[in-house]
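Please read the structure below before turning to the comments.
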Amino acid sequence: MSARIIPQNLLLSLLFSFHSVTAMAHHPLILDDRRHADLASNLGTPWRLVSDTVMGGVSAGRLEPVVLEGRPCLRLTGMVSLENQGGFLQMSLDLGPDGELDASAYTGVELTTRGNGETYNVHLRNRDTRVVWQSYRAGFQAGPDWRTVRLPFAEFRPYRIDRPLSTRHLRRLGLVAIGREMTADLCVARIAFY
């Protein structure tokens, strides 16, 4: 069997490509670290408040940049009501100015939050979620102290969709108070894919 010789420039190119992919997988992709004093994210897309009023519900909320304990953050507050078949408040972020973001090199969502002790959801939407009620969901509790939570993509469960989560074509991320009567008070200082 004869040995195959790989040209040096091809070998260097392969090594550089491997190093780039490995480095990308070890460095988080920061979606927002609140360096902007308005609703803009690091991605260049704005955060938006979405409530069940788009479907006839009566939940009411507010989304605003604030500073809590010296930390700039984005704060979602309001009342979630189940009246008129409603039941959610959401801070929503489109993940790319061109419509999609490839997160396949990452493991999950990392967020630094504090809140009122309630359980909230992270919802992901991708190319497969074609109607508004479809998403992939994972929950977390936002306690009274700042803490960082990691939610692996493997823990996101499909909601009203039969396909497994593909992170290659993510379109939107939402932080959601949903499913029960509750007072929402959720602050996010940083969110990233890790």
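Read the figures in this text as sums done on the coordinates, not as results from a lab. Note that the structure is a prediction, hence the values are computed from the model and not measured. Here the Cβ positions follow ideal geometry from the backbone for every residue, glycine too, while neighbour counts run over all protein chains shown.
Around the Cα centre of the chain, unit charges on the Cβ atoms of Lys, Arg, Asp and Glu (plus for the first two, minus for the last two) sum to a dipole of about 420 debye. Listed from fewest to most Cβ neighbours within 10 Å, the set ASP52, ASP98 follows the order ASP98, ASP52.
Inter-part distance, region 27-89 to region 128-191, computed on C-alpha centroids, equals 13 Å.
Which order results if MET55, MET91 are arranged by neighbouring Cβ count within 10 Å, fewest first?
MET55, MET91
When each of the peptides 76-83, 170-177, 40-47 is scored by how many other beta carbons lie within 10 Å of its residues on average, the order from highest to lowest is 170-177, 76-83, 40-47. The structure shown yields percent of Cα pairs over 23 Å apart, and of the options [x] 40; [y] 60; [z] 47 that calculated value carries the label [z]. Relative to the dominant Cα principal axis of the chain, helix 8-26 is inclined by about 20°.
Across region 126-131, rounded Karplus estimates of 3J(HN,Hα) from the backbone phi angles (6.51 cos²θ - 1.76 cosθ + 1.60, θ = phi - 60°) give 9, 4, 7, 8, 9, 10 Hz, Gly and Pro being marked x.
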